[in-house]
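**Q** Supplied in structure tokens, the structure appears directly below.
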Amino acid sequence: MDDPKTLVSTDWLAAHLSDPDLRIIDASWHMPATGRDARAEYDAGHIPAARFFDIDAISDKRSALPHMAPPPEMFISRLRAMGVGDGHQVVIYDNSDVRSAFRVWWTFRLMGKTDVAVLDGGLPKWRAEGRPTEDMPPVMRDRHITVQRQAGLVRDVTQVAAASKLGDPQIVDARSPERFRGEAAEPRPGLRAGHIPGSRNLPFGRLFNADGTMIAPDAIRAAFAEAGIDLSKPVITTCGSGVTAAVLSFALERAGHRDHSLYDGSWTEWGSFADLNIATGDA
């Protein structure tokens, strides 16, 4: 079911492609180890009129951690330059194994923008259906944008440490079971292996069908319940660096659970501090 505030189908986007107030964003981002260049791939072919959102460039440069949420003033200046502003319906897609479109959806939500949806199935589904792409950069005209940062959607290490101790809010980790249990090395050097004590594991890939579309809200609720998450209580999402955690945050929103926040530093922060406890194994 199409919902311009969360998820829209390729059919919906194709029908609205020429709407004057539609803005499409390519939010592709890849783990460094893949050797893929998201910007070069965008330049080679993207959905018509799509703008490229660089997750690493539009981030908090005051932090040593990767792609932390940008300060509002940076978000405003970058989005204005991209011609994305008030009164626009935004649709975000990616062509990424880590589903980076959901991170950019969450960033828009953090800035108080709600007319924002992710394209279900992303660029792979769009291409598989033979729909149009182009390699031309879009014409971009400055557009005024106002933001109102929603501080409740993000958590820092102090808040997460308190949640870990108290068991409230619940913490759910989007990484693979092997990384969660501490059996696989982290892709970023210098990080310990394991997870935040008390957190539960729901690998983000479980929230997608074989064709890359998201599973239905009932199935989302079942997946969280199976992971040991009580959806009547608040949830903090986490992962390696805050990208796939946004898939869980989005899924919670899609399933009607509004009380969620994202640990922006995620394991890149937690795993690098020797004075923070870690857990291994399933619990």
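**Q** Looking only at the range 151-182, count every residue that is out of contact with any strand residue (DSSP E or B) (no Cβ under 9 Å at 6 or more places or on another chain), part of a loop (DSSP other than H, G, I, E, B) and in contact (Cβ under 8 Å) with a residue 60 or more places away in the chain and tell me the total.
**A** Residues in the range 151-182 being out of contact with any strand residue (DSSP E or B) (no Cβ under 9 Å at 6 or more places or on another chain), part of a loop (DSSP other than H, G, I, E, B) and in contact (Cβ under 8 Å) with a residue 60 or more places away in the chain: 1 in total.
**Q** Tell me whether the range 137-150 contains one or more residues that are under 30 Å from His195 (Cβ atoms), free of Cβ contacts under 8 Å to residues at least 24 places away in the same chain and surrounded by fewer than 16 Cβ atoms within 10 Å (Cβ to Cβ).
**A** no
**Q** Can you tell me how many residues within the range 231-269 are of a type in the set (S, T, N, Q) and not in a helix (DSSP H, G or I)?
**A** The number of residues fulfilling the criteria is 6.
Each row is one residue, and each column tells you yes or no for (1) small (Gly, Ala, Ser); (2) out of contact with any Leu (no Cβ under 8 Å at 6 or more places or on another chain).
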{"site": "Met140", "(1), (2)": "no, yes"}
{"site": "His144", "(1), (2)": "no, yes"}
{"site": "Val147", "(1), (2)": "no, yes"}
{"site": "Asp156", "(1), (2)": "no, yes"}
{"site": "Ala161", "(1), (2)": "yes, no"}
{"site": "Val172", "(1), (2)": "no, no"}
{"site": "Arg179", "(1), (2)": "no, yes"}
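**Q** Within the group Leu276, Leu252, Leu207, which residue is under 25 Å from Pro124 (Cβ atoms) and touching a Phe, Trp or Tyr at 6+ places or on another chain (Cβ under 8 Å)? Outline the logic, then answer.
**A** Details: Leu276 fails: under 25 Å from Pro124 (Cβ atoms); Leu207 fails: touching a Phe, Trp or Tyr at 6+ places or on another chain (Cβ under 8 Å).
Step by step, each of Leu276, Leu252, Leu207 is checked, and only Leu252 is under 25 Å from Pro124 (Cβ atoms) and touching a Phe, Trp or Tyr at 6+ places or on another chain (Cβ under 8 Å).
Throughout, read-outs are computed from the coordinates displayed, never taken from laboratory work. Since this is a predicted model, take the numbers as computed values, not measurements. As a convention, Cβ positions derive from the backbone with ideal geometry for all residues, glycine included, and neighbour counts pool all protein chains shown.
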